[in-house]
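A short worksheet on the structure shown next.
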Amino acid sequence: MEIRTERLLLRPPHMDDLDAMFEIMGNPTAMRYWSTLPHASRDVTRPWLERMIARNAVGGEDFLIEHEGRVIGDVGAGRLPDFGFIIHPDYWGRGFASEAAAAAIAHIFAHTDVDRLDADVDPRNAASLAVLGKLGFVETGRAERTFLLGDEWCDSVYLALARRA
């Protein structure tokens, strides 16, 4: 299943996307607020991509984001109802996350029976919180020291977007 927006193509991941996803997942700036450390090599990205593909095969709704033929990120819910996105820093600040997330959300609610989508965001990640807020996500809670990245404890803001009737 492919989704086209004004500027983007959202499509299922394939193993030949390994290099493009390593470029994102290995980037310390892109991964600053992700739930894992930057990938040190393609050997770390490969099983991550394999799991993404496997989840999609059994009902996940995860899409790679292409702009002008280049993979620039990932958006969706590999494990419903958990929703998220990551964009290569070269493409930040241009509305791509909002555009891709809005399309993915519309698709998920149209093609699944999930009643809501959930997001877990580092509270320091103001840009992602702004995107989610613009899309209608509301804060449902907060927690401290929810995961350890290297030697740094990170906190979480929990958000939800209910299916609209």
Restricting to Cα pairs below 8 Å that are 6+ residues apart, what does the relative contact order work out to for the stretch 49-165? Please round to a whole percent. 19 percent
Sequence-distant or interchain residues sharing an amide H contact under 5 Å with ASP62, placed H: which? ALA77
Where in the stretch 1-94 are there chymotrypsin sites (Phe, Trp or Tyr not before Pro) that are in a DSSP coil and have at most 15 other Cβ atoms within 10 angstrom of their Cβ? TRP92
Per-residue [θ]222 nm for the chain (sum of -39500 (n - 2.57) over DSSP H runs n ≥ 4, rounded to 500): -9500 deg cm²/dmol
Quick one: what are the phi-derived ³J(HN,Hα) couplings along the stretch 30-39, Karplus 6.51/-1.76/1.60 with θ = phi - 60°, whole Hz, x for glycine and proline? 4, 8, 3, 10, 6, 8, 9, 5, x, 5
Quick check: with the 1.4 Å probe, what order do MET1, MET31 take by accessible area, largest first? MET1, MET31
Keeping all protein chains in position, work out how much accessible area LEU80 exposes to a 1.4 Å probe, and write it in Å² to the nearest 10. 60 Å²
Please report the projected area of the stretch 70-153's Cα convex hull averaged over all directions, in nm². 6.6 nm²
Using unit Cβ charges (K, R positive; D, E negative) and no other charged atoms, how large, in debye to the nearest 20, is the dipole of the chain about its Cα centre? 320 debye
Mind checking the dipole of the stretch 77-121: about its Cα centre, +1 per Lys or Arg Cβ, -1 per Asp or Glu Cβ, Debye to the nearest 20? 120 debye
Quick check: the distance between the Cα centres of the stretch 20-87 and the stretch 107-165, to the nearest angstrom? 16 Å
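Just to confirm, what accessible area per residue do you get for the chain at 1.4 Å probe, in whole Å²?
52 Å²
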Computed over the Cα atoms, what is the radius of gyration of the chain divided by 2.2 N^0.38 Å, N being its residue count? 0.98
Ignoring the sites themselves, what is the longest stretch of the chain with no GluC sites (Glu not before Pro) in a DSSP loop and at most 16 other beta-carbon atoms within 10 Å? 69-165
With a 1.4 Å probe and every protein chain kept in, tell me what percent of the accessible surface of the stretch 13-165 is carbon plus sulfur. 52 percent
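The values are calculated or read from the model by the stated rules, or taken from the named source; none is laboratory data. Everything quoted here is computed from the prediction, not taken from an experiment. Every residue, glycine among them, receives a Cβ derived from its backbone with ideal geometry; neighbour counts consider all protein chains shown. Heads up: the accessible areas ignore ligands, DNA and RNA and are worked out on the full protein's heavy atoms, side chains in. Shrake-Rupley method; radii C 1.70, N 1.55, O 1.52, S 1.80 Å.
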